[in-house]
């Protein structure tokens with residue numbers, strides 16, 4: 001006997017239903033991204049104060065930090081989806097992980113490049129092999145590795161399982177990135193926003209940072225809706241060609 | 001010093017913009033390519 005709650009859950013994990021939802025929501029995600037980006041950029045470039053030590057360079061933070069958050073969030077969600085996929089063997093979980101991996105890789109790359117551009121004027125160097133920077137660099141390779149592994153198999157079921165195991169092994173790097181600045185002595189500064197007591201950042205800087213994060217979140221949802229639909233069509237094609245052989 | 005700081009900020013924003021643009025267009029292109037595959041199946045079945 002299926003009650004209404006379970007029925008709704010079953011509908012949501014149905015690829016066809018999810019496709020309809022993502023298609024309907026896609027323009028809204030795009031609109032929300034554009035609006036929040038305009039507001040975020042206006043705050044970040046014109047309406048936030050320069051730092052008393054870093055001057056104007058601090059404005060790189062409004063791109064660098066949200067990208068880093070997105071990179072970590074996307075990988076964590078990918079790992080959860082991979083775990084669900086491995087346990088329940090559900091197609092939507094596998095398709096989710098495969099669709100979001102390139103988005104996470106791009107956010108990681110943005111984080112690394114903007115961090116390097118921030119490091120040169122502030123630290124006097126483009127790059128140092130400290131724990132935070134190195135673990136973030138490793139995350140980029142984990143993303144690339146996942147994309148390569150997931151595309152390396154003719155049999156999509158086998159590819160899904162092996163890439164999911166790969167994603168779960170790679171998840172070890174996420175807490176390393178988060179706590180690297182607390183465990184090791186690094187040139188990278190320790191946590192500023194996600195501290196247990198209170199964020200050590202002025203509200204005038206915190207507001208644009210959070211708006212830019214929301215904007216990147218909508219961008220992620222928009223591009224995910226495109227990629228999810230695309231991956232679903234590819235699966236349909238592969239299943240059709242395999243069954244007609 | 002001020003001008004050089006602005007240059008670093010501009011480069012960072014420009015890179016982020018270009019990376020997002022490439023991600024968006026590659027996703028759209030891939031989506032259209034896979035949609036054509038489905039249309040091919042539909043034509044075959046018709």
Considering residues of the range B:1-10 that are within 16 Å of residue A:110 (Cα to Cα) and touching a helix residue (DSSP H, G or I) at 6+ places or on another chain (Cβ under 9 Å) only, the residue surrounded by the most Cβ atoms within 10 Å (Cβ to Cβ): B:9
Single residue of A:142, A:172 found to be at pLDDT 90 or above and out of contact with any helix residue (DSSP H, G or I) (no Cβ under 9 Å at 6 or more places or on another chain): A:172
Residue match in the range A:66-87 (condition: out of contact with any strand residue (DSSP E or B) (no Cβ under 7 Å at 6 or more places or on another chain) and outside any helix (DSSP H, G or I)): no
Listing of helices (runs of 4 or more DSSP H) fully contained in the range A:136-245 that carry 3 or more residues being within 15 Å of the chain's Cα centre (by Cα): A:173-183, A:203-243
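Okay, residues lined up against (1) more than 7 Å from chain A (Cβ to nearest Cβ); (2) farther than 27 Å from residue A:226 by Cβ; (3) in contact with a helix residue (DSSP H, G or I) (Cβ under 6 Å, 6 or more places away or on another chain):
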position	(1), (2), (3)
B:12	no, no, yes
B:15	no, no, yes
B:20	no, no, no
B:24	no, no, no
B:29	yes, no, no
B:32	yes, no, no
B:42	yes, no, no
B:45	yes, no, no
Qualifying positions in the range A:216-234 - closer than 11 Å to residue B:35 by Cα and more than 7 Å from chain B (Cβ to nearest Cβ): A:231, A:232
Residues located in the range A:70-90, provided they are modelled with pLDDT under 95 and either under 8 Å from the mean Cα position of the chain (by Cα) or surrounded by 22 or more Cβ atoms within 10 Å (Cβ to Cβ) (or both): A:85
Qualifying residue in the range A:51-67 (condition: out of contact with any helix residue (DSSP H, G or I) (no Cβ under 8 Å at 6 or more places or on another chain) and surrounded by fewer than 21 Cβ atoms within 10 Å (Cβ to Cβ)): yes
Filter pass, residue B:42 being exposed (fewer than 11 other Cβ atoms within 10 Å of the Cβ), modelled with pLDDT under 95 and more than 11 Å from the chain's Cα centre (by Cα): yes
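The values are calculated or read from the model by the stated rules, or taken from the named source; none is laboratory data. Because the structure is predicted, anything quoted here is derived from the model rather than measured. Quick reminder, even Gly has a Cβ in these numbers, built from the backbone with ideal geometry, and neighbours come from all protein chains shown.
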